[in-house]
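Chemist: What follows is a single structure, and I will ask about it in a moment.
The values are calculated or read from the model by the stated rules, or taken from the named source; none is laboratory data. Since the structure is predicted, the reported quantities are computational estimates derived from the model, not experimental observations. Every residue, glycine among them, receives a Cβ derived from its backbone with ideal geometry; neighbour counts consider all protein chains shown.
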């Protein structure tokens, strides 16, 4: 499976762009998975639910299974945050894993940038950024992709990864 990432500051449009790309990859017959890195405390469980109560009681992992989906929650309990490579090994086989976040990993990525947000560009930090997607054309030493043209972004990724 091939891996491609998206990085940028909050509010730049990473999630919206990825949401537009996934169905385009799927329409091409690809099986796509996603990892989103969160920099803050998050919880997908709700207080009072059985699974929440089991985790609170000390379970290291809780798996929820239904006829529609399953999810495995793992509590780190003072363990260090796992590396991206470790988490990729947990995925079922697929054609492409899209990664949102993980600014400092060695995977190729597109920086999603909106100049109106007033944030600096990240590509100068050497984070394996291979292109810039923005709502404004910028004169940079990287390929520029129109943030509002998801088909062109899909084509860029497919060409870059040699699909």
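Chemist: Among residues belonging to the stretch 29-47 that are without any contact (Cβ under 8 Å) to a residue 60 or more places away in the chain and either exposed (fewer than 13 other Cβ atoms within 10 Å of the Cβ) or out of contact with any helix residue (DSSP H, G or I) (no Cβ under 9 Å at 6 or more places or on another chain) (or both), point out the one that is nearest to residue 157 (Cα to Cα).
Modeler: Among those that are without any contact (Cβ under 8 Å) to a residue 60 or more places away in the chain and either exposed (fewer than 13 other Cβ atoms within 10 Å of the Cβ) or out of contact with any helix residue (DSSP H, G or I) (no Cβ under 9 Å at 6 or more places or on another chain) (or both), it is 29.
Chemist: Restricting the first residue to the stretch 124-150 and requiring it to be on the phi < 0 side of the Ramachandran plot and in contact (Cβ under 8 Å) with a residue 40 or more places away in the chain, which pairs with a second residue that is in a loop (DSSP other than H, G, I, E, B) and surrounded by fewer than 17 Cβ atoms within 10 Å (Cβ to Cβ) meet a Cβ separation below 7 Å and a spacing of at least six or different chains?
Modeler: Hits for this filter: 127/104; 129/142; 135/148; 147/135.
Chemist: Further question on the same structure: Applying the selection to the stretch 102-120, what residues are closer than 17 Å to residue 131 by Cβ and in a loop (DSSP other than H, G, I, E, B)?
Modeler: 102, 103, 105, 106, 107, 108, 114
Chemist: Sticking with this structure for a sec: Would you point out which residue out of 146, 155 is closer than 15 Å to residue 16 by Cβ and at pLDDT 95 or above?
Modeler: 146 is the lone residue from the list that is closer than 15 Å to residue 16 by Cβ and at pLDDT 95 or above.
Chemist: Could you figure out which of (1) assigned to a loop (DSSP other than H, G, I, E, B); (2) within 20 Å of the chain's Cα centre (by Cα) isn't true of residue 130?
Modeler: So residue 130 meets the others, but not (1).
Chemist: So, one more: Do you know which residues across the stretch 108-122 are in contact with a strand residue (DSSP E or B) (Cβ under 8 Å, 6 or more places away or on another chain) and either surrounded by fewer than 20 Cβ atoms within 10 Å (Cβ to Cβ) or over 14 Å from residue 145 (Cβ atoms) (or both)?
Modeler: Correct list: 108, 114, 115, 119, 121, 122.
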